Amino acid sequence: MKGEKKEMSTKVPTESSKKKRKRDLLQDDESNTQEEISLFSTVNKDDEKETDNVAASSEENDSNADSDNSDNDEDSDGDESSSQDEEYFEESSEEDSDDSGLDEGTSQEFGNSEENGSNSASGKTDEYEYDSSDEEDVRNTIGNIPVQWYDDYPHIGYDVQGRKLIKPVQGDALDEFLEKADDPDYWRTVKNKLTGQKVRLSEEDVKQINRIQSSTHPMGSEGLYEPWVDTFTSEVMEMPVTGRPPDKRSFIPSLWEKQRVGQMVHALKMGWMKPRGEIRKMKQNRDLNEPSLDMWKEDNEPEITKRYRMHIPAPKEPLPGHMESFNPPEEYLLDEEEEAKWDSQEPEDRRFDFKPQKFESYRSVPKYSRFINERFSRLLDLYLASRQRKMKMNVNPEDLIPKRPDKKDLQPYPTKEAMVYKGHTDMVRTISPDPSGQWLVSGSDDQTVKLWEVATGRCMKTLDMGGKVTAVLWNPNRTVNLIAAVVGSEVILINPGLGDRLLCSNTDSMLESHTETADDSAKKSAVTWSKYDITEKDSGFRVKISHSKPVIQVTWHAKGDYFACVQQDGKSQAVLIHQLSRRQSQAPFSKPKGIVQRVMFHPVHPYFFVATQQHIKVYNLVKQELHKKLQANCKYISSLDVHHGGDNILIGSYDSRLCWFDLDLSTKPYQTLKYHKKAVRQVAYHTQYPLFASASDDGSIIVSHGKVFSDQLLNPLIVTVKVLRGHKTTNHLSVLDCKFHPFQPWVFSSGADSTIRLYV
């Protein structure tokens, strides 16, 4: 049968060769248009019908193949050619499948190779399973028409031979739901509208869709910026001349670079230069509405910044004057005598370097003969002469003045003179108010002690002391009405007899209650305690303590039982501490270093302050040791006072300085004030108000605000608020003493003009 079909095919080679050429043309040319494909499809429809008829007749008359062939010779050329084509097609599909690659159920003329043709002939496979074309969609089977036209048909398009392509079986909504529940890859399955097939997206397809939705590169950004690999590079490696290691200097930066880097680091620390990040932030925070170009803007760059990036300009040459003009005035021209003198002088001695000349016009001026010489000498000077940029500091004088609070906020403080106490005939060296603030005691060189009523200025009592009174001080204990007065080398305790009579009688009882024992008389004392007789007691004198040297100061303890005295040139007995209740005296220092000027008791703690000429020593009376030594930074200490809080002291000196010490801060002065023009005689703190005052020989009393904060982190606030004047200068002495009122913001002062003044 096969042999007969071969003979039959050889009989009519014309029609079979045409069919083969069509198939070869479709297989080789993949770029044919859809119109050509549709044309081949219509031709193949007619051929398929004729082939079916021939196949049916051949099956019935298989035994009479020869007669059928002869009968078929009498048929028309179209029938004969169609039967021969069908026989040739069956033969080629069984034996020579490599030549065509066609199958009944597949149509792979546009994409499959000849090797895949044999597999498709043996079994029916999906024609859309393989696609190796680079075109966007080569499986178009409907032509250039809308795909919606096939919605009502069971097929979608036709193959090359014109046979219908049946759509895949589509389930209803229930099948769709079940598939959605059972299939885990349902979410990545899409439907191809052109073929009706369900396509499962790969992982790479899902990632590509996500990149497209996120507006990034579809293929990813991993390999977009890979460096270019120059395979055939033009660089040629050169071998070194020697194989020795590099020198050490190649790893060490040069000294110039080190100096430059050090300057830049210092500029960054000082804030003269800024890093790029800060400059970028400044540009971002810059106001956009600000004009970008301001032609009239001044260069406000600080000079210290210019030093790191700008060169030092050369000094400017002086501008030409009338003498350099081509037509100078007559007075600038030289006469014959001046010209001869100019020629005879040396170039260094000449007053000017050229002779003024007059020309009719600017065009007739010749070239300057010494231009090159002068230019060369100037360049030589700039090269050899060292120049230095002078930094000018534009300091506003107001910035140097410290900011101070308003005076109204610092009130109250004394501002004016309220009363003058007159009665002494000589200079008043010392004054002291009583603890109640009602009475005032004063001592003068007229050998008297006067008691004054503060409110009225009336002199209540005058006591004749028999010598110059150098110091008076009222006992700070309110239960004791007692005054200590210093006359020469004696300290006299006086009961003034003012105020409450019961208080005065209690004071006398306390003094008379002491009885001298045998032990007291056996002990050797540096001083002598004695009582006054009845006639002197009527004047107010109670006890007298006689010293070996003149006493220059007396000070009471806060409790009123102890008082200390300073003797002039006393050496080991320069400081004596007396106890009033026991009538005992002791010298706490055997060999004091330096000349003692002033002593004070601490108002709270058992400390004792001793001021020498240049130092203040703080002693602990309980431990009997030196607690602290303060350096006054002045030549000669004249006065001393302790703040009522106990942590600050104030000293005055004869070199017109006022030093404030903070004991918790340092051993050196916290602040040194130099307001007075002459020696400071006395300093005083107020016991309740944040005020302190200083009296000087320049005739002024300076009242200052000195507030001490309870917070240890805050330093004291010191502000000068008022300068009080009123005392007259006598024999180069003016204000000798000043004391504050115990309760009111008032200050008392005594001077060499024999007056006492009250400022309120």
- Considering only residues of the stretch 465-496 that are touching a residue at least 40 places away in the same chain (Cβ under 8 Å) and more than 16 Å from S432 (Cα to Cα), which is surrounded by the most Cβ atoms within 10 Å (Cβ to Cβ)? E490
- Is it true that D159 is more than 28 Å from N210 (Cα to Cα), surrounded by 14 or more Cβ atoms within 10 Å (Cβ to Cβ), over 60 Å from the mean Cα position of the chain (by Cα) and of a type in the set (D, E, K, R)? yes
- Message: Consider the stretch 414-431. How many of its residues are surrounded by fewer than 22 Cβ atoms within 10 Å (Cβ to Cβ) and within 58 Å of the chain's Cα centre (by Cα)?
- Response: 5
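So, of the residues in the stretch 651-686 that are among the acidic types (D, E) and at pLDDT 90 or above, which turns out to be farthest from the chain's Cα centre (by Cα)?
It comes out as D655.
Let's see how each residue does on (1) open to solvent by 20 Å² or more (accessible area, probe 1.4 Å); (2) under 25 Å from R681 (Cβ atoms); (3) at pLDDT below 90:
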position	(1), (2), (3)
V554	no, yes, no
A564	no, yes, no
D569	yes, yes, yes
S572	yes, no, yes
V575	no, yes, no
Q584	yes, no, yes
A587	yes, no, yes
H602	no, yes, no
H605	yes, no, no
- Note on the structure: If we ask which residues in the stretch 317-356 are among the basic types (K, R) and open to solvent by less than 100 Å² (accessible area, probe 1.4 Å), their number turns out to be 2
- Note on the structure: Subset of the stretch 728-745, residues assigned to a loop (DSSP other than H, G, I, E, B), closer than 21 Å to A471 by Cα and either in contact with a Leu (Cβ under 9 Å, 6 or more places away or on another chain) or of a type in the set (K, R) (or both), comes to H741
- Query: Is at least one residue of the stretch 184-205 in a loop (DSSP other than H, G, I, E, B) and among the hydrophobic types (A, V, I, L, M, F, W, C)?
  - Reply: yes
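Output the number of residues of the stretch 322-372 satisfying the condition of being basic (K, R), assigned to a loop (DSSP other than H, G, I, E, B) and over 60 Å from the mean Cα position of the chain (by Cα). Lay out the reasoning, then the answer.
Let us first name the residues in the stretch 322-372 that are basic (K, R), namely 341, 350-351, 355, 358, 363, 367, 370.
Restricting the remaining residues to those that are assigned to a loop (DSSP other than H, G, I, E, B) gives 350-351, 355, 358, 367, 370.
Restricting the remaining residues to those that are over 60 Å from the mean Cα position of the chain (by Cα) gives 350, 355, 358, 367.
Within the stretch 322-372, residues that are basic (K, R), assigned to a loop (DSSP other than H, G, I, E, B) and over 60 Å from the mean Cα position of the chain (by Cα) number 4.
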- Which of the residues belonging to the stretch 743-760 are open to solvent by less than 20 Å² (accessible area, probe 1.4 Å) and of a type outside the set (G, A, S)? P745, V747, F748, T755, I756, L758, Y759
- Note on the structure: Out of (1) over 47 Å from the mean Cα position of the chain (by Cα); (2) part of a strand (DSSP E or B); (3) among the hydrophobic types (A, V, I, L, M, F, W, C), the one F609 does not meet is (1)
- Item | Matching residues, the stretch 275-289, being open to solvent by 100 Å² or more (accessible area, probe 1.4 Å) and not in a helix (DSSP H, G or I) | N285, R286, L288, N289
- Query: Tell me, which strands (runs of 3 or more DSSP E) lie completely within the stretch 381-495 with 2 or more residues that are of a type in the set (S, T, N, Q)?
  - Reply: 428-433, 439-444
- If you check L758 against the conditions, is it within 21 Å of K468 (Cβ to Cβ) and in contact (Cβ under 8 Å) with a residue 60 or more places away in the chain? no
- Note: among K623, K668, K628, just one is in the same structural domain as H557 (by TED's automatic domain parsing), in a strand (DSSP E or B), open to solvent by 10 Å² or more (accessible area, probe 1.4 Å) and not small (G, A, S), namely K628
- Item | the stretch 119-140 - residue that is touching a helix residue (DSSP H, G or I) at 6+ places or on another chain (Cβ under 9 Å) and open to solvent by 30 Å² or more (accessible area, probe 1.4 Å) and, of those, modelled with the highest pLDDT | N140
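The values are calculated or read from the model by the stated rules, or taken from the named source; none is laboratory data. This one's a predicted model, so the numbers in the text were calculated from it and none came from an experiment. Glycine gets a Cβ as well: all are built from the backbone with ideal geometry, and neighbour counts include every protein chain shown. Surface areas here come from the heavy atoms of the whole protein model, side chains and all, with no ligands, DNA or RNA. Shrake-Rupley method; radii C 1.70, N 1.55, O 1.52, S 1.80 Å.
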